[in-house]
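Below is one structure; the comments refer to it alone.
The values are calculated or read from the model by the stated rules, or taken from the named source; none is laboratory data. Model, not experiment: these values are computed from the prediction. With ideal geometry, Cβ positions are generated from the backbone for all residues, glycine too; neighbour counts draw on all protein chains shown. Heavy atoms of the whole protein, side chains included, go into the accessibility calculation; ligands, DNA and RNA do not. Shrake-Rupley method; radii C 1.70, N 1.55, O 1.52, S 1.80 Å.
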Amino acid sequence: MAGGTTEEATAGLRRDAIGLREVLFQSVTAMAPAAAVAASIPSGAAFAGGSLPLAVVIALVACLFTASCVAELARELPAAGSVVTYAARGLHPAVGFLVGWGYLFVEALVPPLLLLQLGFTVAGTLHEEWASWPAGLWWPWSLAGAAVIAVTGYLGVRASARFGTVLGVFEVAVLLVFAGWLIVRAGSHNTLSVFGTSHTAKEYGGFSGVFAGSVYTVLAFAGFEAAAPLAEETRDPRRTMHRAVLGAALGIGLFYVVTTYAMTVYVGPDRFAGFGAAGDASWEGVARASFGLFWVLVFLAVVNSTIANANACANVSTRTAFALARIRVLPRVLATLHPRYRSPVAGVAVQTAVAVGAVLGLGFGYDPVTAFLLLATVIVTVVIGVYIVVNLACVGYFLRRGRPSLRPVRHLLLPLLGIVAFVPALLTAAGLPVFDFVTELTAPVSYAGPVVGVWMAAGVIVLLVLIRRHPDRIADTARVHLEEADDPTHAVHRRNGDPTR
C-alpha cells in the first residue's frame, strides 16, 4: 500500500517545476490588479468619495487577516487541493468536499468572466477609436483569449506560470508609472487628508462612507490564495506558499493604496465621489484627456490583466479538479496528465469547453456586460464564503494540533477578525440590504443566489451518495500527497483509518 501510494504521488504533477517568483505572480495575476484599479475599486468611490484611499487601507488590513490564515495552512498542508484540504483537516472531510465543490465551480467560471470583460473592453475601445468597428463584435476577442489560455495550460505549469509572471509585471509596472506621474502632476494638491474621513460622499458621511467603500473595495483582493493549488509543483512548497500568499496580498494591497491615492489627489478629493469605471471620470478617461497616447498603455494593462487573471484561475480550477479526481470524488479522467508536460490535460480541455460555452451562451443570451455581472456575483458570493470557512478551518486545525503549535493571535484572533471582515462583503455581494449602502440585486443578476443554492444543493446530494457508497473517498479530501511521497508511512496510517496523517 505504501509503495502504491508513493508511485501514485511520483507520477503526479511535476515536482519542483516553479519557484517563488512564478508562484507569487500566480496570486498577483489572480487578483487582476490593473482591472481592479480601473473597475472594481472605483465602485467604492460613490460611498467613500475622496477618502477612498483610507477605505483601501481598511480593506487591505481586513484581507491580511484571511491571507495570514491561508498562508499558515498552506505552509502546513502543501496540497493541490488547497482550500479543500484545509477545510477537511481543520473542520471535517465532508466540509472539505463541499468547499471543493463550490470552489471548483466558481474558479471554473472566472476565466469566462474575464474573457467576457476582454471581449467588451476591446470591442468598445475599438469602436470608440474607429466607429466602423461594430461595438457588438466582442466575441472574437473572447475566443482568442480562450485559445491563449488553453495553449499555456496545455504546455504545463512552467509555461503557464511564466506567462502569468510576464503579464503581471507589465500591468503592475504600467499602473505604477502612471500613478507616479499623477502624483507629480498633482503637485501642491497632494495631501494626507485622503486617509481621513473628511472627503466622503455627502450621503455617507464619516466612517459610514469609508466602511461602505471598503466593503466594495475588499472584493478587489479576491484571488490572493490562488498560489496554494500549485503547491505540489513548487520548490520548497511549505516556505514558498507562505511567502507567496502573504506577499501577494500585502504587495498588491500597497499597490492599490498608491494607485488610488494618486488618482484621488489628481482628480481632487472633493470631486472624487463621481469617479467610476468608465467615461471621462475614470482611469482611461483621465489618461485620454491629460496624458495623450499613455491611455493606450493603460488600456493594454487592463486587457493584459483580464488574460493574466483568466490564466491564473484556469490553473486553480484544473489543479482543484485534479486533486478531487485523484481521490475519485470527481471522474477519474480529470486526473489525466500529459506524459511530457505533466499538465492536467483533461481538466484543461473541460475548463476550455466551460469557458467557451459560458462566454457564448450567456454573452449572446443576455449581453456580455450583463453576463459579466451575473458571473461576477456568483463567483464573489462563493469565494467569500470559502474565505470564511478557511478562517474557521485555521482555528480548527491548530486547536487540534495542540498547544505547541498554537499561536493565539495568529491562529485564533486573526481568523475571527477575518470572518468579521468578510461577512459585510458577503452580504453586499449577495445584494442583501442589511446595510443602507447595499443595493438589492435585479434580474438577471439576482439569479446568482438561486444558481449558487442549486449547485450547493447538488453538492450535498453527491456528498450523501459518496458517504453511503464510498466514505473513504470523502476521507481522502484530507490527504496531503506530498507528505506521502516524502514519507510513505503516511500512506500506511491513512489506510489504517487515520486520514490526517
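What are the equivalent ellipsoid semi-axes of segment 340-387, built from the alpha-carbon gyration tensor (square roots of five times its eigenvalues), in whole angstrom, biggest first? Can you show the working numbers first?
Values: eigenvalues 121, 66, 7 Å².
So the equivalent ellipsoid measures 25, 18, 6 Å along its semi-axes.
Take peptides 339-350, 78-89, 106-117 and line them up by average Cβ neighbours within 10 Å, highest first, as a rough protection proxy.
Details: 339-350: 19.8, 78-89: 29.1, 106-117: 27.3.
Highest mean packing first, the order is 78-89, 106-117, 339-350.
Out of segment 140-247, which GluC sites (Glu not before Pro) are coil in DSSP terms and have no more than 10 other C-beta atoms within 10 Å? Intermediate values should be presented prior to the final figure.
Details: sites: Glu171, Glu203, Glu225, Glu232, Glu233; in loops: Glu203.
Counting only loop positions with at most 10 other Cβ atoms within 10 Å, none of the GluC sites (Glu not before Pro) in segment 140-247 qualifies.
Summing Lys, Arg as +1 and Asp, Glu as -1, what charge do residues with Cβ under 13 Å from the Cβ of Ile18 carry, Ile18 excluded? Before the final figure, lay out each step's value.
Values: positive: Arg14, Arg15, Arg21, Arg158, Arg162, Arg235, Arg319, Arg342; negative: Asp16, Glu22, Glu232, Glu233, Asp236.
Around Ile18, the charge tally is +3.
What number does the chain give for Rg over Rh if you use C-alpha atoms and the Kirkwood radius? Mind showing how you got there, number by number?
Working: Rg = 22.2 Å, Rh = 22.9 Å.
Value, to two decimals: 0.97.
Short version: ³J(HN,Hα) in whole Hz for each residue of segment 149-161, in order, from phi by Karplus 6.51 cos²θ - 1.76 cosθ + 1.60 (θ = phi - 60°), x for Gly and Pro, what are they?
Per-residue couplings from phi come out as 5, 5, 5, 5, x, 5, 6, x, 5, 4, 5, 5, 5 Hz.
Under 4.7 Å Cβ to Cβ, no partner at all: give me those cysteines from the chain, in residue order.
Isolated Cys, the chain: Cys63, Cys313.
Considering segment 278-343, what Rg and Dmax in Å follow from its alpha-carbon atoms?
Here Rg and the maximum Cα pair distance are 20.1, 57 Å.
Can you compute 3J(HN,Hα) from phi for each residue in segment 131-144, using the Karplus curve 6.51 cos²θ - 1.76 cosθ + 1.60 with θ = phi - 60°, rounded to whole Hz and x for Gly and Pro?
4, 5, 6, x, 5, x, 8, 9, 5, x, 5, 5, 5, 4
Please state, to two decimals, what the Cα-based radius of gyration of segment 237-307 comes to when divided by 2.2 N^0.38 Å (N = residues).
Cα-based Rg divided by the globular estimate yields 1.40.
Over all directions, what mean area does the Cα convex hull of segment 1-123 project, stated in square nanometres?
Values: hull surface 44.5 nm².
Computing the convex hull of the Cα atoms and averaging its projections yields 11.1 nm².
Taking the highest mean first, how do the peptides 216-223, 375-382, 123-130 order by number of other beta carbon atoms within 10 angstrom per residue? Don't skip to the end; give the middle numbers.
Details: 216-223: 26.2, 375-382: 22.8, 123-130: 14.9.
By packing density, highest mean first, the sequence is 216-223, 375-382, 123-130.
Counting other Cβ atoms within 10 Å, which trypsin sites (Lys or Arg not before Pro) in segment 190-282 have at most 11 and lie in a DSSP loop?
Details: sites: Lys202, Arg235, Arg238, Arg239, Arg243, Arg271; in loops: Lys202, Arg235.
Listed in order of number, the matching sites are Lys202.
Could you report segment 19-173's accessible area per residue, 1.4 Å probe, as an integer in Å²? Let's see the in-between values first.
Values: 4300 Å² over 155 residues.
That works out to 28 Å² for each residue.
As I understand it, the dipole of the chain uses +1 on the Cβ of Lys and Arg and -1 on the Cβ of Asp and Glu, about the Cα centre. Which of Ala39, Tyr154, Val451 lies farthest toward its positive end?
Tyr154
How large is ³J(HN,Hα) for each residue in segment 173-180, as worked out from phi by the Karplus curve 6.51 cos²θ - 1.76 cosθ + 1.60 (θ = phi - 60°), to whole Hz, x for Gly and Pro?
Those phi angles translate into 4, 4, 5, 5, 4, 5, 4, x Hz.
Along each of its three principal axes, how wide is the spread of alpha-carbon positions in segment 131-206, in whole angstrom units, largest first?
Extents along the principal axes, in whole Å: 51, 36, 27.
Any chance you could give the angle, 0 to 90 degrees and rounded to 10, that helix 93-129 forms with the longest Cα principal axis of the chain?
With both axes taken from Cα atoms, the answer is about 30 degrees.
Given the DSSP H assignment, sum -39500 (n - 2.57) over each helix run of at least 4 residues in the chain and divide by its residue total; what's the result at 222 nm in deg cm²/dmol, nearest 500?
Numbers: 19 runs with 335 residues, N = 501.
Only helices count here, giving -22500 deg cm²/dmol.
At 10 °C and 1.306 mPa s, grab the translational diffusion coefficient of segment 191-349 from Stokes-Einstein with a Kirkwood Rh over Cα pairs, rounded to a whole number in µm² per second. Before the final figure, lay out the partial values.
Numbers: Rh = 19.1 Å.
It diffuses with D of about 83 µm²/s by this estimate.
Mind pulling the angle between the C-alpha long axis of helix 414-429 and the longest principal axis of the chain? Nearest 10 degrees, somewhere in 0 to 90.
60
What percent do you get for the relative contact order of the chain when only Cα pairs under 8 Å and 6+ apart count?
Numbers: 917 pairs, mean separation 164.4, N = 501.
That works out to 33 percent.
How far, in degrees from 0 to 90, does helix 20-30 lean away from the longest principal axis of the Cα atoms of the chain, to the nearest 10?
So the inclination is approximately 60 degrees.
Using a 1.4 Å probe on the protein heavy atoms, what percent of the accessible area of the chain belongs to carbon and sulfur?
On the way: 12820 of 19180 Å².
The computed percentage sits at 67.
Against the 2.2 N^0.38 Å scaling, with N counting residues, where does segment 192-237 land? I'd like the Cα-based Rg ratio to two decimal places.
On the way: Rg = 17.9 Å, N = 46, 2.2 N^0.38 = 9.4 Å.
Normalised by 2.2 N^0.38 Å, the Cα Rg of segment 192-237 equals 1.90.
Quick check for you: with a 1.4 Å probe and neighbouring chains kept, what is the accessible area per residue of segment 194-270, in Å²? Please report the intermediate quantities before stating the final value.
Numbers: 2550 Å² over 77 residues.
Computed with neighbouring chains in place, this is 33 Å² per residue.
Over segment 271-400, with the other protein chains present, what is the accessible area per residue in square angstrom, probe 1.4 angstrom?
On the way: 4590 Å² over 130 residues.
Here the per-residue accessible area is 35 Å².
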